[in-house]
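Report on the following structure.
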Amino acid sequence: MALGRAYSVALTGLAGHIVEVEADVGGGLPGVHLVGLPDTALQEARDRIRAAVANAGEQWPRTKVVLALSPATLHKVGSLYDLALACAVLNAQAGLPARRLRETVLLGELALDGRVRAVRGVLPAVLAARDAGCRAVVVPSENLGEAAAVRGIAVHGTVHLAELAAWLRGGTALASPGPAPAPARAEVADLSDVVGQLEARRALEIAAAGAHNLMLTGSPGVGKTLLAQRLPGILPALTEEESLEATAVHSTAGMLTAAAPRVVHPPFVAPHHTTSVSAMVGGGAGYARPGAVSIAHRGVLFLDECPELPPAVLEALRTPLEDGEVRIARRDGVARYPARFQLVLAANPCPCAPAKDVDCICTPTVRRRYLGRLSGPLLDRVDLRLVLRRPTGGMLTHEAGESSARVRERVTAARTAAAARWRGRGWTTNSAVPGSALRREFRPSAPARAPIETALRRGRLTPRGVDRCLRVAWTLADLAGHTVPTADDTATALYLRDRSAA
């Protein structure tokens, strides 16, 4: 009897757990038995690794092989355990040295000819290995770029099982990550393409500076989608921590490529209005996969024609908007994914949506019912609400507006001022500041609070609305270079939220 051992990682959402892979080669009829709550893809690894080992020039045991993945009570999902399973068998059968196996985590799927294929979830798996104290990790060469983002652990890449076996025996070194190329700004539409709409452009800048939620209402073709698509272009690049968070989600969703292994700019996600609840917040059998709200983490989630979305999908956004994460319970456990995004809603004023309001054929009841699909609690979480009017002329002669680069400079300066103010408290943008802090430690002066207090007394604002108005007021102060919000800042914040309240 011979016993081999290797290590891999099991993922539950973005949380990783070290898995000990054991291979027992003993007497009995030839066969491979896999235990430890594997899913279907992992059960099929028995045939993959046997063929891969043989085609890599190694000897497969001609006796009974028992493969165990511990902890046994943790569900194992996916094909990233193939490398560890094969090396555990080789450690038991062919005397593969255990010195490097004891301190190395192995991640990767095996082809029948021994090639190592890319897998999803490499970045959070490498993070888990580092946090568990492992010294090295071996990943498929295609995943080397994303794994290199993790510091504090040696990262190696391999393309074939034979190459890995030679390295474990002390042979040729495996591939190491090269210097990361300077990320270029993603090609996005420029804000100078927008004709007119000065108020909407200003609202877009405020939303970008404070990471506020925004709703645009207007007739078709007035520029709602045009403006929303240009919001990522005026957002600053992600910080190192934010990039790591967004990349981990995209890695788990299988959206990274060898050419673009890192998410360095705010993502822009625009699901179709027929999307389901599972596609929006995450779902699937076994462990839940990340949905649109998590893929848009640290970026923009744009819902065009939002009244057309099913009510259940819209209401599912309320918790992520408030908590900044989603918790999805499925058969195999609870998956947690970050979901701190900017929500941008676009809607027509009514179903017929004519170019001119006087041409509307909808009854008042139909108009109320159409926008009434957006519930009050959801709209209460939207900081800026704007009605766009169609340009009356000058579309062919109007000079180009400010470019995204110039607006981004002001947005970056405002975010830097906010980050300096909240430094040490765990907040980076005004939209993330709790209302209690805004009402106590950072309460504006009495004259500055007056417009908001008046709207609250008249019933035009909810307590949540007060907090959101204060956040927008701080953003306006940052853009204007004020140290504290003025009465004009709070009045403008109230106007941008609800004109009738102002």
(Q) For the range 275-322: of the residues being open to solvent by 30 Å² or more (accessible area, probe 1.4 Å), among the small types (Gly, Ala, Ser) and in a helix (DSSP H, G or I), which is nearest to residue 369 (Cα to Cα)? (A) 312
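More than 39 Å from the chain's Cα centre (by Cα) and either surrounded by 23 or more Cβ atoms within 10 Å (Cβ to Cβ) or within 14 Å of residue 4 (Cβ to Cβ) (or both): which single residue out of 32, 53, 65 fits that description? Steps first, answer last, please.
On the way: 32 fails: more than 39 Å from the chain's Cα centre (by Cα); 53 fails: more than 39 Å from the chain's Cα centre (by Cα).
Only one candidate passes the filter, namely 65.
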Q) Which of the residues spanning the range 204-226 are at pLDDT below 95 and in a helix (DSSP H, G or I)? A) 224, 225, 226
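I need a count of the residues in the range 220-245 that are small (Gly, Ala, Ser) and more than 21 Å from residue 189 (Cβ to Cβ).
Filtering the range 220-245 for residues small (Gly, Ala, Ser) gives 221, 223, 228, 233, 237, 243.
Okay, now just the ones that are also more than 21 Å from residue 189 (Cβ to Cβ), so 243.
The number of residues fulfilling the criteria is 1.
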Q: Can you give me the number of residues within the range 107-161 that are under 19 Å from residue 96 (Cα atoms) and part of a helix (DSSP H, G or I)?
A: 1
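Say whether the condition of being over 21 Å from residue 124 (Cα atoms), open to solvent by 60 Å² or more (accessible area, probe 1.4 Å) and either part of a helix (DSSP H, G or I) or basic (Lys, Arg) (or both) is met by at least one residue in the range 332-339.
First, pick out the residues of the range 332-339 that are over 21 Å from residue 124 (Cα atoms): none.
No - not one qualifying residue is present in the range 332-339.
Filter the range 42-66 down to residues that are outside any helix (DSSP H, G or I) and of a type in the set (D, E, K, R) and give me whichever is nearest to residue 96 (Cα to Cα).
To start, the set of residues in the range 42-66 that are outside any helix (DSSP H, G or I) comprises 44, 56-66.
Restricting the remaining residues to those that are of a type in the set (D, E, K, R) gives 44, 58, 62, 64.
Numbers: 44: 24, 58: 11, 62: 17, 64: 19 Å.
That would be 58.
Before we move on, is residue 461 touching a helix residue (DSSP H, G or I) at 6+ places or on another chain (Cβ under 9 Å), part of a loop (DSSP other than H, G, I, E, B), at negative phi and open to solvent by less than 50 Å² (accessible area, probe 1.4 Å)? So that I can check it myself, show each step before the final result.
Details: touching a helix residue (DSSP H, G or I) at 6+ places or on another chain (Cβ under 9 Å): yes; part of a loop (DSSP other than H, G, I, E, B): yes; at negative phi: yes; open to solvent by less than 50 Å² (accessible area, probe 1.4 Å): yes.
Against the criterion (touching a helix residue (DSSP H, G or I) at 6+ places or on another chain (Cβ under 9 Å), part of a loop (DSSP other than H, G, I, E, B), at negative phi and open to solvent by less than 50 Å² (accessible area, probe 1.4 Å)), residue 461 qualifies.
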(Q) Being farther than 15 Å from residue 465 by Cβ, free of Cβ contacts under 8 Å to residues at least 40 places away in the same chain and not in a loop (DSSP other than H, G, I, E, B) is the filter here; which residues of the range 437-449 pass it? (A) 437, 446
(Q) Just to be sure I understand, how many residues within the range 111-130 are surrounded by fewer than 21 Cβ atoms within 10 Å (Cβ to Cβ), touching an Asp or Glu at 6+ places or on another chain (Cβ under 7 Å) and either on the phi > 0 side of the Ramachandran plot or not small (Gly, Ala, Ser) (or both)? (A) 1
Q | In the range 257-273, residue nearest to residue 237 (Cα to Cα) [restricted to those that are surrounded by fewer than 15 Cβ atoms within 10 Å (Cβ to Cβ) and in contact (Cβ under 8 Å) with a residue 12 or more places away in the chain] | A | 258
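Quick one: is residue 23 more than 22 Å from residue 331 (Cα to Cα), open to solvent by 30 Å² or more (accessible area, probe 1.4 Å) and small (Gly, Ala, Ser)?
On the way: more than 22 Å from residue 331 (Cα to Cα): yes; open to solvent by 30 Å² or more (accessible area, probe 1.4 Å): no; small (Gly, Ala, Ser): yes.
Criteria not met by residue 23.
State yes or no: is residue 269 modelled with pLDDT of 95 or more and either over 14 Å from residue 342 (Cα atoms) or polar (S, T, N, Q) (or both)? Walk me through how you get there before you give the answer.
On the way: modelled with pLDDT of 95 or more: yes; either over 14 Å from residue 342 (Cα atoms) or polar (S, T, N, Q) (or both): no.
Judged against the criteria, residue 269 is not a match.
The values are calculated or read from the model by the stated rules, or taken from the named source; none is laboratory data. None of the values given here were measured: they were computed from a predicted structure. With ideal geometry, Cβ positions are generated from the backbone for all residues, glycine too; neighbour counts draw on all protein chains shown. To get the accessible areas, we keep the full protein, side chains included, count just its heavy atoms, and leave off ligands, DNA and RNA. Shrake-Rupley method; radii C 1.70, N 1.55, O 1.52, S 1.80 Å.
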